[in-house]
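The values are calculated or read from the model by the stated rules, or taken from the named source; none is laboratory data. As the structure is a computational prediction, the values presented were derived from the model and not from experiment. A quick note on method: Cβ atoms are made from the backbone with ideal geometry, for glycine too, and the neighbour counts reach across all protein chains shown. Note: areas computed on protein heavy atoms with side chains; ligands, DNA, RNA excluded. Shrake-Rupley method; radii C 1.70, N 1.55, O 1.52, S 1.80 Å.
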Amino acid sequence: MSLENKNHQLLSKIATNDKHGENSPYFDGWKAYESNPFHPTKNPQGVIQMGLAENQLCFDLIEDWIRNNPKASICTLEGVNEFRNIANFQDYHGLPEFRNAVANFMSKVRGGRVRFDPDRILMSGGATGANELIMFCLADPGDAFLVPSPYYPAFVRDLCWRTGVQLIPVQCHSSNNFKITREALEEAYMKAQEGNINVKGLIITNPSNPLGTTIEKETLKSIVSFINENNIHLVCDEIYSGTVFDTPKYVSVAEVIQEMEECKKDLIHIIYSLSKDMGLPGFRVGLVYSYNDEVVNCGRKMSSFGLVSSQTQHFLASMLSDNKFVEKFLAESSRRLKERREFFTKGLEKVNITCLPSNAGLFFWMNLRSLLKEKTFEGEMKLWRLIINEVKLNVSPGSAFDCSEPGWYRVCFANMDHETVEIALMRIRAFVNGRDNGKNMEMKRWKSNLRLSFSSRRFDEKVMSPHMMSPHSPMPHSPLVRAT
């Protein structure tokens, strides 16, 4: 018996099963980046991380607020008087001022059209913990949740790994821009029933990861009607709700159920986080907002396994209670996201690369079907390996998102500065032009130009350092640590 098998015998089935999802090409791209990370001066031909959905475009606004509000932190002379109270606080309900501030912030993000009850907010360690928490509350091992595809690859980890829940894809297609249809929901649900699978609910992401689109009000109403008729739960992942930068305006499920006369509200649950809208994934603020009293009661007990630190709650309560700052931040974040997406996609249009129309998120859904030698998922992976190994860009292949059609790739655009975006565009254009010309002269030319440009340009190490994309230390990092 091998040493690996002996070690496996000493560990639990949960610890050693393959439901963590790390064997996905989504995470293989992260490993390629980790082994050869781009740096403008130290490693200009390294892999640029475009598989990380982080919002780093408005850190300057938060930094300015921190400088102007030193009392918000217990680690300053101005705020140290609160140290003892905050250091000793461990009630898993959370600081009242934190829950109130988050409830108000969630309302502002949704245009003030809905109100949230602070007493229904459950805390967890990031959206990952919040997703797992709601699964533990709603489903038993072997139960299933429907999920429209394409969907976030790490849902396999977040929703299934330790809970034993399974996911059943609801196939959506490019012919209608991957919109969720009642027919697709019915088909997936019926197929599960025929297989004697107990479907406990449907999980949707709005705005969508990876599409960057929002769900229209009428579609949301149809979805709510579907879960009501089948008496199953609806979990709405709304962690990108504050990243909407263009029309149509964002509509939350919370707004929809206000308008529906016949609605079983106790079947509705919202997942939220400050990782995307505020760009604070390291703060590990994940939230479950449930309209079900039993879920609130049970979930609050379970949340003791993954609370948000009292120091983080104290700081964020102060920041999110500053209405003037919040309004400025949301408006400026929206403006910068729109500007960045337009710059990137217009650069791609110069080499005839199109993207799915979108109005939200930290990424876009890039269409490279015209570059596939074979219109298959195998052809998609061959092209992806070229992009990773030759172009040195970590974009995520559509098959990792369980997309029904080959040739789509998710590209993240908000986790880097403008000059890195320009370099990424230069690489893509050189790659496409080189393929069109049937030779690799363009690729050689961009590498030469890159060396020349870096030798004559100064970079701010603080802005351009690789820690913007991923943590580095002598210990190797699992990509699961920062899966997003």
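Taking every Cα-Cα distance in the chain and sorting them into 20 Å bins starting at zero, the pair-distance distribution P(r) comes out as 23, 56, 21, 0 percent.
Packing, as the average of other Cβ atoms within 10 Å across residues, places the peptides 104-117, 229-242 in the order 229-242, 104-117, highest first.
How much of the accessible area of segment 106-217, in percent, comes from carbon and sulfur atoms when a 1.4 Å probe is used? Don't skip to the end; give the middle numbers.
Details: 1900 of 4040 Å².
The computed percentage sits at 47.
Sorted on the mean count of surrounding Cβ atoms within 10 Å across their residues, most packed first, peptides 121-132, 364-375 read 121-132, 364-375. DSSP assigns beta bridges within segment 70-323; of those with both partners inside it, close to 35 percent run antiparallel. Centre-to-centre, using Cα atoms only, segment 190-267 and segment 300-338 are separated by 24 Å. Annotation for Asn36 and Arg182: the two label points, set 7 Å from Cα along the Cα-Cβ direction, are 5.1 nm apart. From most to least packed by mean Cβ count within 10 Å, the peptides 291-297, 389-395 give 389-395, 291-297.
Sequence-ordered 3J(HN,Hα) estimates for segment 177-190 from the Karplus curve with 6.51, -1.76 and 1.60 and θ = phi - 60° stand at 6, 6, 6, 7, 10, 4, 4, 5, 4, 4, 4, 5, 5, 5 Hz, glycine and proline given as x. Given H placed 1.01 Å from N in the peptide plane, which residues other than close sequence neighbours of Ser396 have an amide H under 5 Å from its amide H? Excluding prolines and chain starts, which carry no amide H, the hits are Arg410. Solvent-accessible area assigned to carbon and sulfur over segment 334-440 amounts to 47 percent, based on a 1.4 Å probe.
Provide the net charge surrounding Ile270, with neighbours chosen by a C-beta distance below 10 Å and charges set as Lys +1, Arg +1, Asp -1, Glu -1. Could you put the intermediate results ahead of the total?
Values: positive: Arg120; negative: Asp237, Glu238.
Taking every other residue near Ile270 into account, the sum is -1.
On average, how much accessible surface per residue is there in the chain, in Å², for a 1.4 Å probe, leaving out ligands, DNA and RNA? Don't skip to the end; give the middle numbers.
Numbers: 21610 Å² over 484 residues.
That works out to 45 Å² per residue.
Determine the calculated [θ] at 222 nm for the chain from helices alone, applying -39500 (n - 2.57) to every DSSP H run no shorter than 4 residues and normalising by the residue count; nearest 500 deg cm²/dmol.
Result for the chain, helices only: -12500 deg cm²/dmol.
So what's the convex hull volume per residue for the Cα atoms of segment 70-323, in Å³? Intermediate values should be presented prior to the final figure.
On the way: hull volume 30.6 nm³, N = 254.
Dividing the Cα hull volume of segment 70-323 by its residues yields 120 Å³.
Over segment 1-123, the fraction of Cα-Cα pairs per 10 Å bin, rounded to whole percents and listed from the shortest bin up, is 9, 17, 23, 27, 20, 4, 0.
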